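The structure appears right after this line, and notes come after that.
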Amino acid sequence: MIAGVRPLLVVALGGNAVSPPASGLAMADERRAVAAICAELAALARGRRLLVVHGNGPQVGRLLGADDDLADLDVRVAQTQGELGYLLADGLEQATGEPACALVTRTRVDPADPALSRPDKPVGPVLKARPAAPAVRVPGGAGWRRVVPSPRPQAVLELDAIRRLLAFGHVIAGGGGGVPVSALGPVAAVIDKDHVAGALAIALDAGRLLFVTDVPGVYVDIEAPEPRVEPWIGHAEAQRRLALGRYAAGSMAPKVESAARFAAATGRTALIAAAGELAAAWRGRCGTSIG
């Protein structure tokens, strides 16, 4: 049993960290990537409990294929929660020697959220022909990707269960942002996992919030010939830059926004760092801290 008094670290784990783009979604590659990230997380877990919220974009894309029918997108999100939850729980147990479990999680959204009428979140693989479903052209004109709405999370329905499970071990929950549901039933949408991780970190009084991504941190000027990673940003300054649209929607913006909200609500620090550099980032040698 892991004592409940141990500080909680909430980790928002990017989908590419467990399924690198170059892997071609081969399961063997996914297993290796999960084992590697679990070894990194195990070093941070000493003296702490972990709550891991993972992305699932590549895995959902594999399940969707070229199917235009997105009515069962909620089931695809749940399926990938099982797939990655199992691999991460097993990997964390082996790396830490402590119990870990995965929980299929639902996230409530507002059926009146304006985002539900503005699909803009790409899902699934690149298609050569424009599909019948709403779609956007891939940069460079290489094809099309279907898009679905991305509403804001209101509440994680399994919050109390997550809290109880954390008394016994590390937990994987909120995968893919959770299965979107409303008072009207399941919703064909995708919730940003960074927003869910931030909300859980605040609700569970986490000691720290960590975003694991595929870039070294938040760049001062990403358009510069040699962009520089900013080591520290105050939460008020981060919110000011967000209002100015300084960060890319759907990638860095939700991380910075969630980090700033966590810092403002708790007075604690959030960290954005690349997979493979977590130990150094934890010591302040790289990555971006928001506090």
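Applying the selection to region 240-265, what residues are of a type outside the set (Gly, Ala, Ser), within 20 Å of the chain's Cα centre (by Cα) and not in a loop (DSSP other than H, G, I, E, B)?
Leu242, Met252, Pro254, Lys255, Val256, Glu257, Arg261, Phe262
Return the only residue of Ala39, Ala95, Ala78, Ala112 being out of contact with any strand residue (DSSP E or B) (no Cβ under 8 Å at 6 or more places or on another chain) and either at pLDDT below 95 or closer than 30 Å to Ala132 by Cβ (or both). Give the derivation first.
Working: Ala39 fails: either at pLDDT below 95 or closer than 30 Å to Ala132 by Cβ (or both); Ala95 fails: either at pLDDT below 95 or closer than 30 Å to Ala132 by Cβ (or both); Ala78 fails: out of contact with any strand residue (DSSP E or B) (no Cβ under 8 Å at 6 or more places or on another chain).
Criteria check complete, one pass: Ala112.
Which condition number in (1) more than 24 Å from Ala253 (Cα to Cα); (2) modelled with pLDDT under 95 is the one that Gly140 fails?
(1)
Between a first residue in region 106-126 that is buried (at least 18 other Cβ atoms within 10 Å of the Cβ) and a second residue that is in a helix (DSSP H, G or I) and modelled with pLDDT of 95 or more, which pairs have beta carbons less than 7 Å apart while being 6 or more apart in sequence or on different chains?
Pairs that qualify, where the first residue is buried (at least 18 other Cβ atoms within 10 Å of the Cβ) and the partner is in a helix (DSSP H, G or I) and modelled with pLDDT of 95 or more, are Thr107/Gly177; Thr107/Val196.
In this structure, does Leu271 turn out to be part of a strand (DSSP E or B) and at pLDDT 95 or above? It would help to see each step written out before you state the result.
On the way: part of a strand (DSSP E or B): yes; at pLDDT 95 or above: yes.
So Leu271 passes the test.
How many residues, within region 197-235, are under 19 Å from the mean Cα position of the chain (by Cα) and surrounded by 14 or more Cβ atoms within 10 Å (Cβ to Cβ)?
Qualifying residue count for the region: 21.
The values are calculated or read from the model by the stated rules, or taken from the named source; none is laboratory data. The structure presented is a predicted model; accordingly, all values stated were derived computationally and were not measured. Backbone-built Cβ (ideal geometry, glycine too); neighbour counts: all protein chains shown.
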